[in-house]
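Inspection log for the structure reproduced underneath, given as structure tokens.
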Amino acid sequence: MTPAEKDLHTLLAALRPVTREGEYVYALWPDGKPLAGHIAAAVREAEGLTVVLPRTDADALGLKYDFVAAWITLQVHSSLEAVGLTAAVSAALTEAKISCNVLAGFHHDHLLVPVADAERALEILHEVSAASRVGNGGTELPAPELVLRTEEPADRPELLALTAAAFAISPVTGLPVEGEPEEVDLLRRLFDCAEYLPDFSIVAELGGEVVGHVISTRGRAGELELLGLGPLGVVPRLQRHGIGSALMKETIDRANAAGERGIALLGSPDYYARFGFVPSTSLGVQPPESAWGDNFQLLPLALWPGGVSGTFRFAEPFNGPKAGA
Ligand SMILES: CC(C)(COP(=O)(O)OP(=O)(O)OC[C@H]1O[C@@H](n2cnc3c(N)ncnc32)[C@H](O)[C@@H]1OP(=O)(O)O)[C@@H](O)C(=O)NCCC(=O)NCCS
């Protein structure tokens, strides 16, 4: 088992409920008052604005409340949700007569339970988690395996949505992107371009859910054919659990098996150096734009010919708005 798979196994093996510090309350926000305090969630209705915020903030602002809650975040993977774990959690808490409000965020589900019941709720969550890993015969069910497979045209809408989610925060600025990230249109055009290589559009699937994707298309340095990699994206909820690395390794393995010479990409050396990428100029290849500097990287594969010189050219769609790997 690779370290990445081991990581995923750890991730999936438990429900991992995490309690936030402090106590939270539901309060009605006074009409017309500018928002203040550390509001953690809000629901606007015709009758007014409901907010969830730390009790200390509500007290400081003089807001009225009844329900004082502990905030538990479920760091659960959605393939477990798919088999009804979230429903099982609510049912188990209800059975134990613990009232619970569920808030769904972009990354996780959150439970607000009465403060007095918080410890018991955590125990129940751990029990549900343990039970979910035991099959009918009493044996532990394996965690879903990460499957890496070649993209099929039917995957494309899902892959574009995944890319939109992965790049919603710009890897360059670290800030939210307004509108559709440029990588989405780049990928859309790469799917249909002359330099598209079917075996190098690779999907990562977990429990039947598409969770990552990487594409490499035909690029060239002078006359030498190389691969140009990107975009590479992983669903935000599962980033930093080895999926990106697994997709990179699969690309490298397939490229070596296909007799490719090297892989070029634009991205952070902090991430790609671990796979053996080096600044392209150290191998005689100039970036398409000199300003890219060391962020334009190259991985020489087993059949790297040496003595290469020239400027790299990505597949045609990269000549639109510039996007990173
Ligand atoms: C970048 C990305 C593809 C990496 O995939 P991932 O599955 O999250 O990454 P992995 O779990 O394989 O990462 C392995 C290691 O790389 C590190 N890492 C992940 N993203 C990184 C980044 N952007 N910069 C530097 N290091 C990074 C992780 O911390 C981890 O390090 P560790 O093993 O020392 O803990 C993914 O985070 C993503 O989709 N990000 C948003 C889109 C993006 O930035 N794409 C690439 C553009 S250059």
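We did not get these values from a lab; they are worked out from the coordinates using the rules stated. Since the model is a prediction, treat every value here as computed from it, not as a measurement. Heads up, the Cβs are rebuilt from the backbone with ideal geometry, glycines too, and the neighbour counts pull from every protein chain shown.
A few points about this structure:
- Set of aspartates and glutamates near residue 249 by C-alpha distance (under 17 Å), chain-local residues within fewer than 8 positions excluded: 5, 7, 145, 151, 199, 205, 260, 270
- Over the stretch 146-319, volume per residue of the alpha carbon convex hull, in Å³: 112
- Of the peptides 166-179, 98-111, 240-253, 190-203, the ranking by mean beta-carbon count within 10 Å, highest at the top, reads 240-253, 190-203, 98-111, 166-179.
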